[in-house]
Structure formats: C-alpha cells, structure tokens
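A.B. asks: Can you keep this structure in mind? I'll have questions shortly.
The values are calculated or read from the model by the stated rules, or taken from the named source; none is laboratory data. If you're wondering where the values come from, they're calculated on a predicted model, not measured in any experiment. Neighbour counts are summed over all protein chains in view; Cβ atoms, including those assigned to glycine, are modelled from backbone coordinates with ideal geometry. The protein model used for the area step is the full one, side chains on, heavy atoms only, and it has no ligands, DNA or RNA in it. Shrake-Rupley method; radii C 1.70, N 1.55, O 1.52, S 1.80 Å.
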Amino acid sequence: MIFDIYSISSDINMENRSIVSIADYGKEKIQYLLDMATEFEAHPNRQILKGKVVATLFFEPSTRTRLSFETAANRLGARVIGFTDPKVTSSSKGETLKDTIKMVSNYADVIVMRHKLEGAALYASEVTNVPIINAGDGSNLHPSQTMLDLYSIYKTQGTLENLNIYMVGDLKYGRTVHSLLMSMRKYNPTFHFIAPKELEMPEEYKLYCQQNNIKYIEQQDFTEDTIADADILYMTRVQRERFTDLMEYERVKDAYILRADMLGKCKDNMKILHPLPRVNEIEYDVDDSKHAYYFEQARNGLYAREALICDVLGITLDDIKNDTSII
Amino acid sequence: MEQNKENMMVAALENGSVIDHIPTDKLFTVAQLLQLRDCKEEVVIANNLKSNVMNKKGLLKISGKFFNEEEISQLAVICPNIRLTVIKDYKVVEKREVLLPDTLTNIVKCANPVCITNNEPMKTVFYRKDKDTLKCRYCGKEQKLKDIKLK
Ligand SMILES: [Zn+2]
C-alpha cells in the first residue's frame, strides 16, 4: 500500500504504486527514497527510463513544479507528454477527471498531475492502473515538495533525527509546513512555530504534535535571538490576501522578513529553506550567506522527483545502483 | 406500562419495520428521509413517548417496509443508536441497534466545496473517526455528525 494515510484502500487497485501522500511513510521508506535521490544526485543523467512516457497533467498551472518533473523525466531518458493549461484541454468542455485520466492512461506509463481540487489525485489513482504522482491537489497534499524538503534537511544535516526546525511566516495556510511537520514525526524533532497571530499553526496540527509526542514551541517574535538555536529555518510567504484584517497585515508584514544581520548568532550548520517563489520574506543580502540553501533546495527537487518517478514505475534502489545507462 | 404500549404497537404490525429510540427532535427528519409523506402503507408516527433509556423518544412503525443496508447507513448518520425491529408474520425476526458503520459509501456529502467529490460524478467515502466525527477519504476534511448532509 503506497498511500497509507488512507489505510482502507480501494478494492480496484491494490497493486497501484501511486504516490498520493507520503505523510504516513515510515522511516524505512523515507530513507529508501532519500538513498535513491542521493544516487540521482551523483548521476542525474541516465537512460533508465528510455522508452517510457511520462504524462504531466497540470489542470492547474504550476510552472516550477512542472519544469522540475519534466526535467526529471527528460534527464532519465523518458519522453514527456501533457498539458499545463486547462483551457486547451477538454476539461473545460466538461470532460470529467476520470475520462481524462482514462484517456491519458492509454498513452503514458506514469501520470504526474496537479489539480486545484482536493482529493483529485487519490481519485485519479482509483480509476486507472497507471501510477499517479500527486504534484499537488489544492491545499491538500504535495508529496514531492515534502520529499525534496526532507532530502534537503537530510543532506545538509546528515540526519533527520533530533533537529530544531523553525517554521516562520504563514503557518496557517502553508501546505508545505504541514506536510513537513507530519513527515518528521518519527525523527524526534523540536518545532518552533514563529507566526503572526492570524497565521499561526492551526489547532489540528498542534493536536497532531501532542498526539505524536512532537515537541513544539509557539512564538511571535522573529529575531536574531529567537532563531539562534535553529538547525533548519523554514521560511514561507506571508501573503496579503491571507489576512481578513488588513490593519493586522500592515502591522506584521515586515516582522517576518529574514535579513543577513539576523544570522550573527545562528548555529554553524543552520540552513535556510524556502519552498519558493519568495516575495520579500528573505532579503537579497541573505543569498550570499553560507546558510542560504533555498536555491539548492529547489535543485534537490530534481533528484527527489527522479526518485519518485522511478519508485512508482517499480524501479528499485538496486536497479539504480546497478544502472549501466548512466550518461 | 411503556413496555405494554410498545408491544401493542409492534404486535399490531404484520410485516414491516419499527424504528425505536429516535431522539424527539430527529423524528421528523427521519420521517422526511424515509419519505413517509408519500407512503401508501400503514404508518404510525409517535413522539414524546416515555422511555427508560432516553427520557423521551420518537418511534416509527412502517408497514411493508424493509430497509436495505444503504438506508440503514443513512439512518445511522441522521441519528445513531436507534433501534430497528423487523417484523414478519407478526413475529420479530430481527432486532438490532443501528450503529454508525466504519465506512460510509455514497451516503454523505462532503462539506468542502473544493473536494473532488463535489465536482466529479463519483461516490463519496467517509470513515468514522470517532462517535461523532466523519472524515472524507478524498480531501481528508473532518465533519461533525450533527452538521452532516446526506448525498
Ligand atoms: Zn471531501
């Protein structure tokens, strides 16, 4: 079973290798995928997917995610088909998601899909035998982002265990921080949630932490001192449209901006992550710091996605280690 | 006394179903769900009956009606812990407490407007999380039983 979070699987597709969510993956599976990504980082260009067709169906546009997946497929020798604008597809003519998925299933070996509706990827995985990779379903799940975050943390810290992870900014709507929080639960993290009152971590995730014995501290101050103990500083966008109270937005909008002069007391190993695109929450003077890691983090997305595509196609870590198609 | 009255009502039924232990404020919701207004068979609707278990209760007796599992699941969502008695030839052939099942397929509508189930011709699936919470299989959103809308 791949998507353990929905532990009662559909009867149709017990063999389906789709990746809809990784929130419930155990340590072993996570490590397996991290090891795969490590192999791909060492040798990102291969022909291991020669003859395969990867479909990227972006019912909702997301240029970054699509480019990353398509690059991953191309660098492994697969061909890519797909669409990115729903206006040019029959979805806008009223074709159901099921029909689109069924049609594309005739052509592709794996379907990477992004959709604005929550649960779309899970449903798609139930109507086809072609594996689905969820590239984001509304505000619900985005497992490849989580995987690249985990890989970035693992790579920079050498472990996922016992880390101080500081999440800053919009913790209410930030899907990436929620997914990361759940994926880290078995690694004994200590979270610091730094957010304005209106965008604080939702109750359900705090409850999740309590139920899973995850330590967390909430604070509103974002200063040189409050981040001194961080191993990972995970920054997110504070967007104007998220606020019901615009006075509140004006008051806090500059309070969650990271500047280079705030890094004086931070730990040597500390790395700054950000799901990108940034607006103004990380000053440009931070880019030159040794702690800045967000661009490398985006590149790690390539290796993480190479791993996910291979995993759903049944290509194992051993296959990748013994791969003779490296370019 | 109550027992006798109840026995009389049940005994009067040749073939059909009795739904007992309905919360008084849910009685007419249940009657509507079962479309009793259009029912041509003999129907008894009783409310505010004294009960040992629940202070006051409602009761429905429907001649010629036998519920399938889907209807029973709907009943369970509207009011859990009701008691269903099936009568054939004046005899009680089945008596059971209707409990909320672990999985509800195509019974409940998801309250999340951006859930795929509200935008695609498909069955909904809900899991029982605890005694008064359901969770959508697709969007993962949880809903309280009291706020649930049937599909
Ligand atoms: Zn839903």
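A.B. asks: Would you point out the residue of the stretch A:93-131, among those that are over 20 Å from A:Leu141 (Cβ atoms) and basic (Lys, Arg), that is farthest from the chain's Cα centre (by Cα)? Give the steps one after another, and end with the answer.
C.D. replies: Keep residues of the stretch A:93-131 that are over 20 Å from A:Leu141 (Cβ atoms), which gives A:93-96, A:99, A:102-109, A:129.
Add one more test, that the residue is basic (Lys, Arg), and what stays is A:93, A:102.
Working: A:Lys93: 31, A:Lys102: 26 Å.
That would be A:Lys93.
A.B. asks: Among the numbered conditions (1) within 14 Å of chain A (Cβ to nearest Cβ); (2) away from the ligand (no atom under 16 Å from the Cβ); (3) surrounded by 15 or more Cβ atoms within 10 Å (Cβ to Cβ), tell me where B:Asp102 comes up short.
C.D. replies: For B:Asp102, the exception is condition (3).
A.B. asks: Here is a follow-up. Out of A:Tyr216, A:Tyr208, A:Tyr234, I need the residue that is buried (at least 20 other Cβ atoms within 10 Å of the Cβ) and hydroxyl-bearing (Ser, Thr, Tyr). Which one?
C.D. replies: Going through A:Tyr216, A:Tyr208, A:Tyr234 in turn, just one is buried (at least 20 other Cβ atoms within 10 Å of the Cβ) and hydroxyl-bearing (Ser, Thr, Tyr): A:Tyr234.
A.B. asks: Take the residues in the stretch A:126-148 that are within 16 Å of the ligand (Cβ to nearest atom) and within 11 Å of another protein chain (Cβ to nearest Cβ), then tell me which one is surrounded by the fewest Cβ atoms within 10 Å (Cβ to Cβ).
C.D. replies: A:Ser139
A.B. asks: When you check B:Asn112 against the structure, is it open to solvent by 40 Å² or more (accessible area, probe 1.4 Å) and touching a Gly at 6+ places or on another chain (Cβ under 9 Å), yes or no?
C.D. replies: Taking the combined requirement at face value, the residue does not satisfy it.
A.B. asks: Please state which one of A:Asp229, A:Asp170, A:Asp225, A:Asp221 is charged (D, E, K, R) and open to solvent by less than 10 Å² (accessible area, probe 1.4 Å).
C.D. replies: Testing whether each residue is charged (D, E, K, R) and open to solvent by less than 10 Å² (accessible area, probe 1.4 Å) leaves just A:Asp170.
A.B. asks: Scan (1) open to solvent by 70 Å² or more (accessible area, probe 1.4 Å); (2) more than 19 Å from the chain's Cα centre (by Cα); (3) touching a residue at least 40 places away in the same chain (Cβ under 8 Å) for the single condition A:Asp254 breaks and write down its number.
C.D. replies: Failing condition for A:Asp254: (3).
A.B. asks: If you check B:Ile62 against the conditions, is it touching an Asp or Glu at 6+ places or on another chain (Cβ under 8 Å), over 30 Å from A:Asp99 (Cβ atoms) and of a type in the set (A, V, I, L, M, F, W, C)?
C.D. replies: Considered against the rule, which asks whether it is touching an Asp or Glu at 6+ places or on another chain (Cβ under 8 Å), over 30 Å from A:Asp99 (Cβ atoms) and of a type in the set (A, V, I, L, M, F, W, C), B:Ile62 comes out as yes.
A.B. asks: Are any residues in the stretch B:105-143 away from the ligand (no atom under 14 Å from the Cβ) and either away from every other protein chain (no Cβ under 11 Å) or under 23 Å from A:Ala23 (Cβ atoms) (or both), and if so, which ones? Steps first, answer last, please.
C.D. replies: Narrowing the stretch B:105-143 to residues away from the ligand (no atom under 14 Å from the Cβ): B:121, B:128, B:130-132.
Listed by number, the residues that qualify are B:Arg128, B:Asp130, B:Lys131, B:Asp132.
A.B. asks: For the stretch A:102-211, which helices (runs of 4 or more DSSP H) that fit wholly inside it have 3 or more residues that are farther than 18 Å from A:Pro275 by Cα?
C.D. replies: Per the criteria, A:120-127, A:203-211.
A.B. asks: Quick check on the stretch A:216-239. Is at least one of its residues over 28 Å from A:Arg299 (Cα atoms) and of a type in the set (Lys, Arg)?
C.D. replies: The answer is no, given that none of the residues of the stretch A:216-239 is over 28 Å from A:Arg299 (Cα atoms) and of a type in the set (Lys, Arg).
A.B. asks: Also: For a quick check of your reading of the model, give me the residue pairs whose first member lies in the stretch A:94-119 and is within 11 Å of chain B (Cβ to nearest Cβ), whose second is open to solvent by 70 Å² or more (accessible area, probe 1.4 Å) and not hydroxyl-bearing (Ser, Thr, Tyr), with beta-carbon atoms closer than 7 Å and at least 6 apart or on different chains.
C.D. replies: Going by the 7 Å Cβ cut-off, the qualifying pairs are A:Thr96/B:Pro121; A:Leu117/B:Asn119.
A.B. asks: For the structure I just gave you, tell me whether B:Ile45 is in contact (Cβ under 8 Å) with a residue 12 or more places away in the chain and under 13 Å from the mean Cα position of the chain (by Cα).
C.D. replies: On the way: in contact (Cβ under 8 Å) with a residue 12 or more places away in the chain: yes; under 13 Å from the mean Cα position of the chain (by Cα): no.
For B:Ile45, the condition - in contact (Cβ under 8 Å) with a residue 12 or more places away in the chain and under 13 Å from the mean Cα position of the chain (by Cα) - is not met.
A.B. asks: Here's a follow-up. Working only within the stretch A:258-290, note down all residues that are surrounded by 19 or more Cβ atoms within 10 Å (Cβ to Cβ) and modelled with pLDDT of 95 or more.
C.D. replies: A:Leu258, A:Met262, A:Leu263, A:Cys266, A:Met270, A:Lys271, A:Ile272, A:Leu273, A:His274, A:Ile282, A:Val286
A.B. asks: Now for a different question. Report, by residue number, each residue of the stretch B:45-66 that is surrounded by 16 or more Cβ atoms within 10 Å (Cβ to Cβ) and either of a type in the set (Lys, Arg) or out of contact with any helix residue (DSSP H, G or I) (no Cβ under 8 Å at 6 or more places or on another chain) (or both).
C.D. replies: B:Lys57, B:Lys61, B:Ser63, B:Lys65 - these are the residues of the stretch B:45-66 that are surrounded by 16 or more Cβ atoms within 10 Å (Cβ to Cβ) and either of a type in the set (Lys, Arg) or out of contact with any helix residue (DSSP H, G or I) (no Cβ under 8 Å at 6 or more places or on another chain) (or both).
A.B. asks: Now for a different question. Considering only residues that are over 20 Å from B:Leu13 (Cα atoms) and open to solvent by 40 Å² or more (accessible area, probe 1.4 Å), look in the stretch B:75-99 and name the one that is farthest from the other protein chains (Cβ to nearest Cβ).
C.D. replies: B:Asn81
A.B. asks: Go through (1) within 14 Å of chain B (Cβ to nearest Cβ); (2) out of contact with any His (no Cβ under 9 Å at 6 or more places or on another chain); (3) not in a helix (DSSP H, G or I) for A:Val54 and report which single condition fails.
C.D. replies: (1)
A.B. asks: So, in the stretch A:119-173, how many residues would count as being among the charged types (D, E, K, R) and modelled with pLDDT under 95?
C.D. replies: Initially, the stretch A:119-173 is screened for residues among the charged types (D, E, K, R), giving A:126, A:137, A:149, A:155, A:161, A:170, A:172.
Okay, now just the ones that are also modelled with pLDDT under 95, so A:137, A:170, A:172.
Going through the stretch A:119-173 one residue at a time, the tally reaches 3.
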